[in-house]
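In what follows, a single structure is set out as structure tokens and then discussed.
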């Protein structure tokens with residue numbers, strides 16, 4: 001029987017190339033990105049939720065003190081948190097991390113720049 005499926009995609013250095021399965025998110029600005037991407041799990045007040053799963057609170061979260069931590073989580077995911085490296089560009093990730101770090105009772109004023117995100121990709 002002939003194989004008509006064609007060759008499988010070749011994996012890149014980081015594993016299979018799955019970029020064709022993801023579309024960039026159109027949201028611009030930290031608040032819009034939070035509302036469009038994050039609040040479905042972390043809630044509008046960023047206090048998280050418990051139910052079918054546990055969604056950590058971002059409000060008054062001391063883990064956000066070091067900016068590289070939330071950048072890495074947004075880029076690469078962790079446990080039930082999906083990664084967003086293919087859907088959000090460096091500017092969008094910087095914007096949403098800066099938004100969360102300066103809202104919801106968080107007062108971390110040092111800003112993440114797109115260059116910081118790029119360095120962690």
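With the simple model of a label 7 Å out from the Cα in the direction of the Cβ, residue 25 to residue 80 spans 1.8 nm.
Only Cα pairs under 8 Å and at least 6 apart count here; give the relative contact order of segment 27-120 as a rounded whole percent.
Values: 124 pairs, mean separation 27.5, N = 94.
Once normalised by length, the contact order is 29 percent.
Label-to-label distance for residue 120 and residue 43 is 2.4 nm, based on points extended 7 Å past Cα in the beta-carbon direction.
Just so you know, all these numbers are worked out from the coordinates, no wet-lab data involved. Remember, predicted model here, so these are calculated numbers, not experimental data. Quick reminder, even Gly has a Cβ in these numbers, built from the backbone with ideal geometry, and neighbours come from all protein chains shown.
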